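One structure is given below, encoded as structure tokens.
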Amino acid sequence: MMYTENSCRFIQSAFAPGEINILHFVLETEKQSPERTITLSNYRMHLVVKGSGVLKTQYSAYSLSEGDLFFTFPASAYTLESIDDFKYLYIGFVGTRSNAILEKFGIRIRNCVFKNFIELKEVWKNCLKLPISVLDMGTEGIFLFSLSKIGERIMPVAKKSGCNTPAIIKKYVDENYADSKLNLNSLSKTLNYNSNYISYVFKKEFGVSFREYLNLLRVNSACALIDKGFTSVKDISYLCGFDDPLYFSKVFKKRVGSMPSSYIKRKSNAAYDVRSEH
């Protein structure tokens, strides 16, 4: 891929307060001077794609080289110095939960540089070539993918300390699926994980989306209630976490292959036949 000078792609997506919102995706090739202090109103995730440089914050100075990821924070001054044909890509983002999600990955002002993620270079560069119509999805994807790569590095430490994020998320859903107010947004707020990250965890760890997993638990619970003798579709739907019996019937049919009323009738007939035999 040929580099273009100061290539900047602005993301045209709806702003969602409280979430992480991607603002722009930029290839910076301009020479950076240590005399220029930078203070921003948004967060940035950077990936060095060529050369080397130095990042200085109020706490420390960090040498940067190709493949390094580094982060900057709102209202936190820093300087960058180009050493050897220094070029980097960065993603600007905002959102009231941005700091919370970064903290989950151990990313903070005192720990803002992550070395040797050279495998991300081609992924980021290829995303820069995407049409503007899908750039928002592509940029969000590489943003989350890059966070996941950082997560993979810290996961061994987390496991040693008894922390297993996917297990924590799954356990909560397993124990609270019958709550009709449980959804991706409420789970995100309760556990203080970004909703996009939760979606990523379910796909990566369990092979299904969050919605699919939640509906699976609820339908399995509905089948168990029917097996125990429950016959009211409305009551069953409410007991399993559905606040709309019509939507419950639709989900049930998709997973089981028949409407809940037909399933109940079939089970009732089978139970009657068994009793008749005796």
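The values are calculated or read from the model by the stated rules, or taken from the named source; none is laboratory data. Every value quoted in this text rests on a predicted model; they were computed, and no experiment measured them. Cβ atoms come from the backbone with ideal geometry, glycine included; neighbour counts cover every protein chain shown. In case anyone asks, the SASA skips ligands and DNA or RNA and just uses the protein heavy atoms, side chains included. Shrake-Rupley method; radii C 1.70, N 1.55, O 1.52, S 1.80 Å.
Please check: in the Gaussian network model of the chain (C-alpha springs, under 10 Å), which one of K267, K87, K104 has the largest mean-square fluctuation.
Answer for the Gaussian network model of the chain: K267.
With each pseudo-label sitting 7 Å past Cα toward Cβ, what's the I109-S65 distance in nm, one decimal?
Label-label distance for I109 and S65, simple model: 2.9 nm.
Local charge sum around K181 (other residues, Cβ-Cβ under 12 Å, Lys/Arg +1, Asp/Glu -1)?
-1
Just to confirm, what accessible area per residue do you get for the chain at 1.4 Å probe, in whole Å²?
Per residue, the chain has an accessible area of 53 Å².
Using a 1.4 Å probe on the protein heavy atoms, what percent of the accessible area of the chain belongs to carbon and sulfur?
Ligands and nucleic acids excluded, carbon and sulfur give 53 percent.
Could you pull out every residue, at least 5 positions away or on a different chain, whose amide H is within less than 5 Å of the one on F117? Hs are placed 1.01 Å off N in the peptide plane, and Pro or chain starts have none.
Amide H neighbours of F117: D68, L69.
Please tell me which of these pairs span more than 32 angstrom C-alpha to C-alpha: K31/K204; K171/K234; K56/K121?
Result: K31/K204 exceed 32 Å.
Report the gain in length on full extension from N192 to E122: 0.36 nm times residue separation, minus Cα-Cα distance, nm rounded to one decimal.
Here the answer is 22.1 nm.
With a ≥ b ≥ c the root eigenvalues of the C-alpha gyration tensor of segment 55-127, is it rounded (a/c under 1.5), prolate (a/b larger than b/c) or oblate?
Because a/c hits 1.5 or more and a/b fails to exceed b/c, segment 55-127 counts as oblate.
Could you pull out the pairs from K115/K203; K115/K189; K87/K129; K170/K203; K125/K170 whose alpha carbons sit more than 24 Å apart here?
K115/K203; K115/K189; K125/K170
List the residues of segment 96-136 whose backbone N lies under 13 Å from a point placed 7 Å from the Cα of S199 along the Cα-to-Cβ direction.
Backbone N within reach: 136.
Can you match Rg/Rh (Cα atoms, Kirkwood Rh) to one of these, [x] 1.11; [y] 1.14; [z] 0.95, based on a calculation from the structure here?
Answer by label: [y].
Using only Cα atoms, locate the centre of segment 30-53 and the centre of segment 118-144, then give the distance between them in Å, rounded to an integer.
Comparing the Cα centres of segment 30-53 and segment 118-144, I get a distance of 19 Å.
How far is it, in nm, from the label point at E152 to the one at F206 when both lie 7 Å from their Cα along the line to the Cβ?
2.2
Build a GNM of the chain with springs between Cα atoms under 10 Å: which of V113, V173, V134 gets the top mean-square fluctuation?
V134
Please compute the modelled spin-label separation between K250 and S33, points set 7 Å along Cα→Cβ, answer in nm with one decimal.
If labels sit at S33 and K250, their model points lie 6.0 nm apart.
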